[in-house]
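Written below as structure tokens is the structure these notes are about.
The values are calculated or read from the model by the stated rules, or taken from the named source; none is laboratory data. Because the structure is predicted, anything quoted here is derived from the model rather than measured. Reconstructed Cβ throughout: ideal geometry from the backbone, glycine too, with neighbour counts over all protein chains shown. Side chains are part of the model used for accessible areas, which takes the heavy atoms of the whole protein and leaves out ligands, DNA and RNA. Shrake-Rupley method; radii C 1.70, N 1.55, O 1.52, S 1.80 Å.
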Amino acid sequence: MNTIPKKSFAQKWHIKALVWTAIVLALFIASCAMTGVDVGAFLTGFNQFMQIFYEMLKPDWSYVPFTIKPIIQTIQMALIGTLVGSIIAVPFAVLAARNIVTNTVIRGTIRFILNLVRTLPDLMLAAVFVAVVGIGPMAGVLTLAIFSFGMISKLFYEAIETIDMGPIEALTAAGATKTQVVWFAVLPQVYNHFLSYFLYTFEINVRASTILGYLGAGGIGELLQRSLGQFRYDRTAIVVIGTFIVVVVVDTLSNQLRERLQ
Amino acid sequence: MQEGTPIIEFNDVNKVYPNGTVGLDNINLTINKGEFVVIVGLSGAGKSTLLRAANRLHDVSSGEILIDGQSIVTAKGKQLREVRRNIAMIFQNFNLVKRSTVEKNILNGRVGYYPTWKTIFGLFSAADKQQAAANLQRVNLGEKLYSRADELSGGQQQRVAIARALMQEPKIMLADEPIASLDPRTTVMVMDDLKKLNEELGITVVVNLHSVSLAKQYASRVVGLRAGKLVYDKQIGDVQDGDFDEIYDGKNQEVKEA
Ligand SMILES: Nc1ncnc2c1ncn2[C@@H]1O[C@H](COP(=O)(O)OP(=O)(O)O)[C@@H](O)[C@H]1O
Ligand SMILES: [Mg+2]
């Protein structure tokens, strides 16, 4: 009963781990071959990368003043985009919640639309909006609004589905309209969730909007593209540092606020 | 039987839940203005179903329910909301919005009197805000007006729920086991509050209770349900001590209460 058993052969030689390593390696090599990824080119590219990296170690500090406005624009884009998207998400989330809308046709249609919106990649949206409304922050705002809408509406209807149904009953019994029931019995229960999702999406959008600029959708990303195009890696360094600071500051603030909301 | 003006009438009311459970089985019951009716019965007898049929939180399967002479079974939209406005309800779990202030919760009882857009912009009249404070004072909780509802004890929350119900200026007050989650001391406060509304404001009160002794103490009339059927109906003066054995299946009702 109490004697320690001998390790089996497989256990002794870690057969499982070896087999898995072999499988992963084989898959890696096979997919490199199939997609035509040349690992060698990546290694020679590494030299070039080191070259750029050296240049970036000597940032052009005189460029800093030129980055202020685009950075503010990036934050503004993220803020407006998140705000517009999340406000539009509220009625959709209410209509998608199982405990509020019992009509399966309405709820099914709304959920289908929400699922569809969430499948759209944000970079594709940005490319389309740049084509439609032209280069500039408007394209960025629209992209972020749609992305935020898709994300918040789902998080939000899931939150609504966990609320206490008691107040809904109380308001209905008092002769409230459907809208009043939602406004007075549903939304106060999920208000903190909403703020928390808003901040979380805002964080993601600040990060995303730095990239969107690269596609011509406004903000700091445009400077990134310009400096790289001009081989001014000393300026690229400034843009990268600025982006980094903004993202860290926004993340920290938003995290602290969200913790307080709990 | 004393004569009175009917305010709630159940005529041949049946309720079968979608899963086949019989909630109400051919109920005929007339409640008159000013009565304090206590409905007793085992858990699952249909007490909650009966109350929720009266303000149509549940639809019935057949039969007619008249509130002050007007059918609530066929009422729709605005008409239904106006009938509901006259019927306040309080619940076992209080059903307050816990994150909102006491004042907001009390004003929630008034929304049926306003167009939707006005309430959404928070445009309650000064008179209604004063009334909210006055109703809170009526249940002796005046100093809690600006507290958050979840800071209050269970008994206090139930009294806030009564203040909210009073905002409706109801003719009828339905209470579904209002004291089931309260301790004995707050139980007395809540029951006394209901008794006062009945005597001072003339509101017709219908209360579901588990406890036969409380029923005898507060009711002007006791109605018994068993398996969805109305099996007992007497004015308080006619109630005999052995009466409840039938409602409670011959079991000792004080054990049932525990
Ligand atoms: N939503 C529902 N669906 C199906 N059956 C229900 C539902 N609500 C109540 N019932 C059933 O109807 C009967 C009466 O319930 P209820 O009115 O809640 O009794 P009481 O309030 O006297 O305890 C019970 O058998 C209960 O299980
Ligand atoms: Mg019940």
Tell me which residues, restricted to region B:155-185, are open to solvent by 10 Å² or more (accessible area, probe 1.4 Å) and either of a type in the set (S, T, Y) or assigned to a helix (DSSP H, G or I) (or both).
B:Q156, B:Q157, B:R159, B:R164, B:L166, B:S181, B:P184, B:R185
Report those strands (runs of 3 or more DSSP E) wholly inside region B:10-78 carrying at least 1 residues which are away from ligand 2 (no atom under 16 Å from the Cβ) and open to solvent by 10 Å² or more (accessible area, probe 1.4 Å).
B:22-32, B:62-67
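Between B:G122, B:G109, which is at positive phi and either open to solvent by 70 Å² or more (accessible area, probe 1.4 Å) or within 14 Å of chain A (Cβ to nearest Cβ) (or both)?
Details: B:G109 fails: at positive phi.
Sole residue among the options that is at positive phi and either open to solvent by 70 Å² or more (accessible area, probe 1.4 Å) or within 14 Å of chain A (Cβ to nearest Cβ) (or both): B:G122.
Looking only at region B:137-154, which residues are open to solvent by 10 Å² or more (accessible area, probe 1.4 Å) and aliphatic (A, V, I, L, M)?
If we filter region B:137-154 for residues that are open to solvent by 10 Å² or more (accessible area, probe 1.4 Å), which is where we start, we get B:137-138, B:140, B:142-148, B:150-154.
Passing the criteria: B:L145, B:L152.
For residues that are open to solvent by less than 80 Å² (accessible area, probe 1.4 Å) and farther than 18 Å from A:N205 by Cβ, tally how many sit in region A:233-262.
Applying the first criterion (open to solvent by less than 80 Å² (accessible area, probe 1.4 Å)) to region A:233-262 yields A:233-243, A:246-252, A:254-255, A:258, A:261.
Subsequent filtering for residues that are farther than 18 Å from A:N205 by Cβ retains A:233-241, A:261.
Adding up the residues that qualify gives 10.
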Under the condition of being crowded, with 22+ Cβ neighbours inside 10 Å and within 7 Å of another protein chain (Cβ to nearest Cβ), which residue from region A:135-171 is nearest to B:N95 (Cα to Cα)?
A:P167
Considering only region A:172-190, I want to know if a residue exists there that is open to solvent by less than 50 Å² (accessible area, probe 1.4 Å), in contact (Cβ under 8 Å) with a residue 60 or more places away in the chain and of a type in the set (S, T, Y).
no
Are there any pairs, at least 6 apart or on different chains, whose C-beta atoms fall under 8 Å, with the first in region B:150-177 and touching a residue at least 40 places away in the same chain (Cβ under 8 Å) and the second among the hydroxyl-bearing types (S, T, Y) and within 16 Å of ligand 1 (Cβ to nearest atom), and if so, which?
B:G154/B:S181; B:D176/B:S48; B:E177/B:S48
Could you tell me whether any residue of region B:189-203 is within 16 Å of ligand 2 (Cβ to nearest atom), under 13 Å from B:M173 (Cβ atoms) and touching a strand residue (DSSP E or B) at 6+ places or on another chain (Cβ under 8 Å)?
no
